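Peer 1: Mind looking over this structure? Questions follow.
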Amino acid sequence: MKENFLSELEKRLSFLPENEKREIIKDFNEHIQIGKYLGKDLNTVIKSLGSPEEIANELIAEYSSYSPINYTTHDKLSLKFIVLNYLKLMILSTFNVFLLLVYLFVWSFILAFLLSPVIALFFIYYNGFSQSLFFIFVSMTLFNIALLIFRLIKNFNRYLLDINRKIVKLGTYIC
Amino acid sequence: MNAQLKKGLLEICVLIMIENSDKYGYELASNISSKIEIAEGTLYPLLSRLTKQGYFETYILESNEGPPRKYYRITQKGLDYLNQLIKEWEEISESINYFINLREKRRESL
């Protein structure tokens, strides 16, 4: 009964720093020991302490009402917070630099494709219309492909923005 | 009784009892639980917090009768805090009494 009570309490106090947890367990151990020494019924003594859950809730309430004690748990959290954000920053920057390269690549194609009808005009000017039919056909096709890619990218942008937002939100529940 | 109210009052009671004489947890718990209905275990989180805040000091005393006990002693800071709490409590009870009296007068005049 006593061992059950203390181990259950210890389990519920895992949010406390180790030394404070030990101190509390010691207090309860002392209480039970004294009750036993005074010849009280052990079950009654433990029952009148209340449930481990009740005690743990009380401790959480006490700890949150008094901020300076929070520093121990808070310290751990903020370290976690720093590491987490550092990781997020790395993921975000790698992801976006990669994207930037892909964008540059794709945009250079779009630009070249869009300009191909202009080049076709030069072709017509120098070689005559009948000589340039094939190139006119190719340049029109490329121009349309460029428009198509442009539209796809526009939709894709929203998707990428969403990914970025998700990375930023990543793991905030831990802290 | 309302849980928040009880908690505030419990704090005053604990401070007054330890001001009167140094006490160990079990002693305090059995004294208080004979007057106020509480789970005795919830006293320890309160004691721990008040100690952290510097209102109590603790020391261990070996006993010929039973295990060593952790005693709580009130500090000057704790005394100041207690005085402030009592002043607040008196102000609150004064204003509540005013409203209770008002109610009673109204009932008498009916």
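Peer 1: Nearest 10 degrees, 0 to 90: what angle lies between the long axis of helix A:52-65 and the longest principal axis of chain A (Cα atoms)?
Peer 2: So the helix axis and the longest Cα principal axis differ by about 60 degrees.
Peer 1: If the cut-off is 18 Å between C-alpha atoms, which aspartates and glutamates fall inside it for A:Lys40, apart from same-chain ones fewer than 8 positions away?
Peer 2: By straight Cα distance, A:Lys40 reaches A:Glu3, A:Asp27, A:Glu30, B:Glu27, B:Glu40, B:Glu65.
Peer 1: Quick check on my link table: of B:Lys7/B:Lys52; B:Lys7/B:Lys35; A:Lys21/A:Lys47; A:Lys36/B:Lys23; B:Lys35/B:Lys87; A:Lys2/B:Lys6, which ones sit more than 25 Å apart, alpha carbon to alpha carbon? Present the calculation step by step, with values, prior to reporting the outcome.
Peer 2: Values: B:Lys7/B:Lys52 17 Å; B:Lys7/B:Lys35 14 Å; A:Lys21/A:Lys47 21 Å; A:Lys36/B:Lys23 18 Å; B:Lys35/B:Lys87 22 Å; A:Lys2/B:Lys6 28 Å.
In this structure, A:Lys2/B:Lys6 lie more than 25 Å apart at Cα.
Peer 1: Could you tell me the center-to-center distance, by alpha carbons, between the stretch A:110-175 and the stretch B:33-110 in angstrom?
Peer 2: One Cα centre to the other: 75 Å.
Peer 1: Given all pairs of different Cα atoms, what value in angstroms does the Kirkwood hydrodynamic radius of the stretch A:83-142 take?
Peer 2: Working: mean 1/r = 0.0704 Å⁻¹.
Evaluated over the stretch A:83-142, this radius sits at 14.2 Å.
Peer 1: From the convex hull of the Cα coordinates of the stretch A:1-43, what is the mean projected area in square nanometres? Show your work: numbers first, answer last.
Peer 2: Values: hull surface 11.2 nm².
Mean orientational projected area (the stretch A:1-43, Cα hull): 2.8 nm².
Peer 1: Taking the inverse of the average 1/r across all pairs of different Cα atoms in chain A, what Kirkwood radius in Å do you get? Before the final figure, lay out each step's value.
Peer 2: Values: mean 1/r = 0.0432 Å⁻¹.
Answer for chain A: a Kirkwood hydrodynamic radius of 23.2 Å.
Peer 1: Taking every residue in A:34-42, how many Cβ atoms of other protein chains lie within 10 Å of its Cβ, on average?
Peer 2: Working: counts 12, 5, 2, 5, 4, 0, 2, 0, 0.
Per residue, the number of nearby Cβ atoms from other chains is 3 on average.
Peer 1: If r is the Cβ-Cβ distance from A:Leu111 to A:Leu87 and R0 is 41 Å, what FRET efficiency results, to the nearest 0.05?
Peer 2: 0.70
Values in this text are rule-based calculations from the coordinates and carry no lab data. The structure displayed is predicted, hence computed values, not measured ones. Glycine also receives a Cβ, built like all others from the backbone with ideal geometry; neighbour counts cover every protein chain displayed.
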